[in-house]
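Peer 1: Below is a structure I'd like to ask you about.
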Amino acid sequence: MKLNLKDYANKDVIKFLREYGSMTQKDLANYLNKSVRTVQRYEKGDIGIDLETIRSICQLYDLNLIIESKSKKE
């Protein structure tokens, strides 16, 4: 699956991946060692998601994380 995060808000991607993986918020919270409330806040966009959490989610769903610079330096 190829997913371009530029087209979506982080909150939408987290919820999509969780549901795609047939996980509940509690399942994802347990995997991430976070509270259910934290996962709910990620999905609502109330709080940002740190890079380590994003890496853990990518690992869970066997996704490659590619970080590109916003500015192209030549």
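Peer 1: Going by what's in this entry, would Leu51 be described as of a type outside the set (S, T, N, Q) and surrounded by 12 or more Cβ atoms within 10 Å (Cβ to Cβ)?
Peer 2: no
Peer 1: Oh, and also: Please note which helices (runs of 4 or more DSSP H) are completely contained in the stretch 1-70 and include at least 2 residues that are out of contact with any Asp or Glu (no Cβ under 7 Å at 6 or more places or on another chain) and modelled with pLDDT under 95.
Peer 2: Helices (runs of 4 or more DSSP H) meeting the threshold: 10-20, 36-44, 51-60.
Peer 1: Related question: Within the set of pairs 6+ apart or on separate chains, which have a first residue in the stretch 18-36 that is free of Cβ contacts under 8 Å to residues at least 60 places away in the same chain, a second that is open to solvent by 100 Å² or more (accessible area, probe 1.4 Å), and C-beta atoms under 6 Å apart?
Peer 2: From residues that are free of Cβ contacts under 8 Å to residues at least 60 places away in the same chain, the pairs are Val36/Lys26.
The values are calculated or read from the model by the stated rules, or taken from the named source; none is laboratory data. Small disclaimer: the values here were computed from a predicted structure and weren't measured. Reconstructed Cβ throughout: ideal geometry from the backbone, glycine too, with neighbour counts over all protein chains shown. Quick note on the areas: whole protein, heavy atoms, side chains included, nothing else; ligands and nucleic acids left out. Shrake-Rupley method; radii C 1.70, N 1.55, O 1.52, S 1.80 Å.
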